[in-house]
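Colleague: Just passing along the structure, written as structure tokens.
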Amino acid sequence: NAGVTQTPKFQVLKTGQSMTLQCAQDMNHEYMSWYRQDPGMGLRLIHYSVGAGITDQGEVPNGYNVSRSTTEDFPLRLLSAAPSQTSVYFCASKDPLKSSGANVLTFGAGSRLTVL
Amino acid sequence: EDKVVQSPLSLVVHEGDTVTLNCSYEVTNFRSLLWYKQEKKAPTFLFMLTSSGIEKKSGRLSSILDKKELFSILNITATQTGDSAVYLCAVGGSGNTGKLIFGQGTTLQVKP
């Protein structure tokens, strides 16, 4: 049981390049989400999904796309990277049954992205 | 607009001191408040609070929620250098979507 796995751990991009951050979980969690963490701003929700085929926007969705074709995977796509997207990205998942209606998320190790 | 505000933003103490971290919130249809600890990697879960006035404890850490005044505190007694971390407060609103609104975090440094 690996939990929540994110790849890559580090990435450097040039402005305008595209890339995908991968997130996979092996806990059969229905809910998955992406956050970005910037100094002094805590964690901000980018996109989330409550199950395969269902996604929705969070607080800061602009510049990012997601899809959820399987329960296990929730990739985050940057279509045209900008320096403002330099950040640490965390994927997190939740088991709604185990959490009994509350919001205890399990986080991946994070992906540090630098856009030059 | 939903928001979560933590204070102080940073704190430096010496081993053995007791610290209190604060978290206030304004969230539509509050369901739960969570505390996480982050040590240069992924946040790890500490406490979840849903009912007012009930203290949660784990060793030297404890937390309590006041739903009337819309705040929570996290206490750490007899601090150790291993307590040095960023402490994050997060609040979940209506529904079971798992959406959490996070505060800015409090950076705690415990000196030997």
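The values are calculated or read from the model by the stated rules, or taken from the named source; none is laboratory data. On a predicted model such as this, the values are computed, not experimentally measured, just so you know. Don't worry about glycine lacking a Cβ; one is built from the backbone with ideal geometry, like all the others, and counts go over all protein chains shown.
Colleague: Between a residue in region B:92-112 that is within 7 Å of chain A (Cβ to nearest Cβ) and modelled with pLDDT under 75 and any residue that is in a strand (DSSP E or B) and surrounded by fewer than 21 Cβ atoms within 10 Å (Cβ to Cβ), which pairs come within a Cβ distance under 8 Å, given they are 6 or more apart or on different chains?
Modeller: If the second residue must be in a strand (DSSP E or B) and surrounded by fewer than 21 Cβ atoms within 10 Å (Cβ to Cβ), the pairs left are B:Thr97/A:Val50; B:Thr97/A:Asp56; B:Gly98/A:Val50.
Colleague: Going by the conditions given, is A:Gly3 of a type outside the set (D, E, K, R), surrounded by fewer than 13 Cβ atoms within 10 Å (Cβ to Cβ) and at positive phi? Let's see the steps before the verdict.
Modeller: Numbers: of a type outside the set (D, E, K, R): yes; surrounded by fewer than 13 Cβ atoms within 10 Å (Cβ to Cβ): no; at positive phi: yes.
No: the conditions fail for A:Gly3.
Colleague: Right, another one. Go through (1) modelled with pLDDT of 95 or more; (2) under 23 Å from A:Val60 (Cα atoms) one by one and return the number of the condition B:Lys41 breaks.
Modeller: (1)
Colleague: Condition test on B:Phe30, is it among the hydrophobic types (A, V, I, L, M, F, W, C) and free of Cβ contacts under 8 Å to residues at least 24 places away in the same chain?
Modeller: Details: among the hydrophobic types (A, V, I, L, M, F, W, C): yes; free of Cβ contacts under 8 Å to residues at least 24 places away in the same chain: no.
No, not satisfied.
Colleague: Which residue pairs have Cβ atoms closer than 7 Å, lie 6 or more positions apart in sequence or on different chains, and pair a first residue in region B:63-84 that is exposed (fewer than 15 other Cβ atoms within 10 Å of the Cβ) with a second residue that is assigned to a strand (DSSP E or B) and of a type in the set (A, V, I, L, M)?
Modeller: Close Cβ pairs satisfying both conditions: B:Gln80/B:Val110; B:Thr81/B:Val110.
Colleague: Identify the residue in region B:1-49 that is in a strand (DSSP E or B), aliphatic (A, V, I, L, M) and over 23 Å from B:Ala78 (Cβ atoms) and, among all such residues, is nearest to the chain's Cα centre (by Cα). First the steps, then the outcome.
Modeller: Of region B:1-49, the ones in a strand (DSSP E or B) are B:3-7, B:10-14, B:19-26, B:32-38, B:44-49.
Remaining after also requiring aliphatic (A, V, I, L, M): B:4-5, B:11-13, B:19, B:21, B:33-34, B:46, B:48-49.
Next, only the ones that are over 23 Å from B:Ala78 (Cβ atoms) stay: B:4-5, B:33-34, B:48.
Numbers: B:Val4: 11, B:Val5: 10, B:Leu33: 8, B:Leu34: 7, B:Met48: 9 Å.
The qualifying residue nearest to the chain's Cα centre (by Cα) is B:Leu34.
Colleague: Further question: Return the residues of region B:50-75 that are part of a loop (DSSP other than H, G, I, E, B) and not hydroxyl-bearing (Ser, Thr, Tyr); say none if nothing qualifies. Outline the logic, then answer.
Modeller: First, pick out the residues of region B:50-75 that are part of a loop (DSSP other than H, G, I, E, B): B:50-55, B:59-60, B:67-70.
If the condition is that a residue be part of a loop (DSSP other than H, G, I, E, B) and not hydroxyl-bearing (Ser, Thr, Tyr), then B:Gly53, B:Ile54, B:Glu55, B:Gly59, B:Arg60, B:Lys67, B:Lys68, B:Glu69, B:Leu70 are the ones that fit.
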